[in-house]
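What follows is one structure encoded as structure tokens, with my remarks underneath.
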DNA sequence: TGGAAGAATGCAAAAGCATCTCATTTGTTG
DNA sequence: CAACAAATGAGATGCTTTTGCATTCTTCCA
Ligand SMILES: [Mn+2]
Ligand SMILES: [Mn+2]
Ligand SMILES: [Zn+2]
Ligand SMILES: [Zn+2]
């Protein structure tokens with residue numbers, strides 16, 4: 001039995017009903033190994049180019065969207081420009097982003113999650129999803145000076 | 001002495017260091033009177049057209065951006081397409097959006113606000129802003145059926 | 001009150017991000 | 001390994017937002 005936390009592989013792609021192609025394998029591998037963990041489609045494109053894999057940007061967008069539908073990947077809409085993708089390891093979390101250097105950290109807070117449910121209930125809503133992102137300056141010295 | 005809750009006027013535009021022009025006055029008035037309170041630049045464009053004011057879309061984007069810089073207006077990046085603007089009445093709040101009909105409701109929760117500060121502190125961040133949006137189905141009968 | 005100086009507007013063109021089209025290539029299956 | 005369906009790549013396209021520039025308005029003071 002394998003959980004979401006294990007290493008992804010061609011099986012995950014196959015199980016999503018997709019053919020195991022070189023672009024898909026490379027993109028999935030990159031998401032796993034990626035330093036920052038949170039990358040835009042263009043980041044993926046450039047990182048793969050650097051790695052000698054010339055995969056079209058359209059393919060990257062297509063594949064990331066397919067991975068998202070399959071639950072392998074999560075898409076975030078942080079402020080400013082592009083969507084950001086990360087591997088879905090099955091554990092929901094929210095983000096805090098440095099508006100100076102772009103560093104992204106993750107957090108999960110049950111109290112915040114619970115309050116959201118209560119607020120939704122009060123208003124008669126059924127929660128399907130939520131997006132919480134805190135923006136600020138990280139501890140990095142260079143980011144401190146406003 | 002006038003607070004943020006009062007009616008906006010040409011003075012607000014002047015105080016922002018901007019000339020009091022017809023487009024600016026009309027856009028500000030529309031934001032005040034708008035039913036939903038949360039409108040896209042194109043919404044503003046069409047609503048003004050309906051009202052007989054033919055103001056260019058580029059001007060609307062420019063003016064909304066200027067109003068934002070001046071603190072008169074807040075911009076939100078809800079999922080899907082366009083940015084959404086609303087008059088800044090000086091009281092921070094977050095949003096819950098119906099993914100079926102688009103209805104937007106507002107809420108403010110001190111507990112959530114406090115937890116965010118604590119989380120930021122733990123991570124060594126200084127909070128500058130945050131965006132929390134809950135997505136779900138509203139109480140409207142037509143929105144219930146998934 | 002008139003008119004100079006600078007700011008704002010409208011239009012069209014451009015930019016940025018994401019998706020689509022379609023000819024060609026690749027993966028899968030028997 | 002052939003045959004078919006699915007996927008890819010390159011460029012076109014779509015949509016939102018921004019920008020350049022000639023023209024029009026505001027402001028302000030002589
Ligand atoms: Mn994350
Ligand atoms: Mn609001
Ligand atoms: Zn930083
Ligand atoms: Zn609804």
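What's the FRET efficiency of residue A:118 with residue B:58 using the Cβ-Cβ distance as r and R₀ = 41 Å, to the nearest 0.05? Intermediate results must be reported in sequence, preceding the final value.
Numbers: r = 43 Å, r/R0 = 1.05.
Efficiency for this residue pair is about 0.45.
Rounded to 0.05, the FRET efficiency of the residue A:69 and residue B:69 pair, given R0 = 45 Å and the Cβ-Cβ distance, is 0.75.
I'm checking a number: the convex hull volume of the Cα atoms of the protein assembly as shown, normalised per residue, in Å³. What is it?
Numbers: hull volume 55.6 nm³, N = 292.
It is 190 Å³ per residue.
May I ask you to derive the FRET efficiency for residue A:142 and residue A:16 from their Cβ-Cβ distance with R0 = 51 Å, giving the value to the nearest 0.05?
On the way: r = 41 Å, r/R0 = 0.80.
My answer for the efficiency is 0.80.
Once the Cα-Cα distance is subtracted from the 0.36 nm per residue extended length, the residue B:83 to residue B:100 segment shows a gain of 4.3 nm.
Projecting the alpha carbon convex hull of chain B along each direction and taking the average yields 11.4 nm². Each peptide among A:104-116, B:36-48 gets the average number of other Cβ atoms lying within 10 Å of its residues, and from highest to lowest they stand as B:36-48, A:104-116.
Taken over the C-alpha atoms, the stretch A:70-124 has Rg and Dmax values of 13.8, 39 angstrom.
Net length available on complete extension from residue B:9 to residue B:92 is 27.8 nm, with 0.36 nm assigned per residue and the Cα-Cα distance removed. The relative contact order of the stretch A:1-90, computed from alpha carbon pairs under 8 Å that lie at least 6 residues apart in sequence, is 29 percent. Copy-to-copy label distances for residue B:52, where each label lies 7 Å from Cα along Cα-to-Cβ, are 7.1 nm in order of increasing length. All distinct Cα pairs of the stretch B:92-146 go into the 1/r average, and the inverse of that average, the Kirkwood radius, is 12.9 Å.
We did not get these values from a lab; they are worked out from the coordinates using the rules stated. Everything quoted here is computed from the prediction, not taken from an experiment. Don't worry about glycine lacking a Cβ; one is built from the backbone with ideal geometry, like all the others, and counts go over all protein chains shown.
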